[in-house]
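A quick write-up on the structure given underneath.
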Amino acid sequence: MAIHLFHADTDEQIAATFEVMQQLRPHLQRAEYGPLMRSLMASDGLRLLALADGDAVRAVAAYRVMNMLYCGRALFVDDLVSDERARSLGYGASVIAALKDEARALGCTEIQLISRVTREQAHRFYFREGFGIECFHFRNKLS
């Protein structure tokens, strides 16, 4: 089978990313996933980059480009997940490499992402891929 990267732009392609994305975001429901992704694509410029091995999606990243005062144009990764049944096979690294290429092509000077402090295995992966910790991300949930 062939490994290929693609932007999930059609409803069918977006739906194909659901099972892997839900592993990171278990609150997502299949029926709402497509419309939610479409809404974020329209309002925020969100893109979905997927890696498939044959017919099975094995990794997916949701990202957007943002312009910020402190760093200029940056590619911001909202979500990055490799299928838990196929980890450590290079799928995540391939997606990161593709995101770096995409960022350069879009005139970005860096890639950013946020990862929960409890995701130690993911942190080791990000360090191997050249990411560093540069700040704290503060959050205040509003009721």
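Computed from the coordinates by the stated procedures, all read-outs in this text should not be read as laboratory data. What you are looking at is a predicted structure, and each value in this text was computed from that prediction instead of being measured. Quick reminder, even Gly has a Cβ in these numbers, built from the backbone with ideal geometry, and neighbours come from all protein chains shown.
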> What list of ³J(HN,Hα) couplings, whole Hz, do you get for the range 129-143 from phi and the Karplus terms 6.51, -1.76, 1.60, once you set θ to phi - 60° and write x for glycine and proline?
Replying inline: 8, x, 7, x, 8, 10, 7, 9, 10, 8, 9, 9, 6, 8, 8
> Long-range amide H contacts for LEU46: which residues qualify at under 5 Å (H placed 1.01 Å from N, peptide plane, sequence gap of 5 or more or a different chain)?
Replying inline: MET41
> Under 5 Å between amide H atoms, partner at least 5 residues away or on a different chain: which partners does LEU28 have, H built in plane at 1.01 Å?
Replying inline: none
> Taking the structure as given and computing mean projected area of the Cα convex hull in nm², which label from (1) 9.6; (2) 10.4; (3) 8.9 fits?
Replying inline: (1)
> Around LEU80, with a cut-off of 11 angstrom between Cβ atoms, what is the net charge of the other residues, counting Lys and Arg +1 and Asp and Glu -1?
Replying inline: -2
> Which whole-Hz couplings ³J(HN,Hα) result when phi for each residue of the range 108-118 is put into the Karplus expression 6.51 cos²θ - 1.76 cosθ + 1.60, θ = phi - 60°, listed in order with x for Gly and Pro?
Replying inline: 7, 9, 6, 10, 10, 7, 10, 9, 4, 4, 7
> Label points 7 Å out from Cα along the Cβ direction at LEU24 and ARG116: separation in nm?
Replying inline: 1.3 nm
> With θ set to phi - 60° and the Karplus curve 6.51 cos²θ - 1.76 cosθ + 1.60, what are the ³J(HN,Hα) couplings of the range 83-99 in order, to the nearest whole Hz, using x for Gly and Pro?
Replying inline: 3, 4, 7, 9, 7, 6, 10, x, 5, x, 4, 5, 5, 4, 4, 5, 5
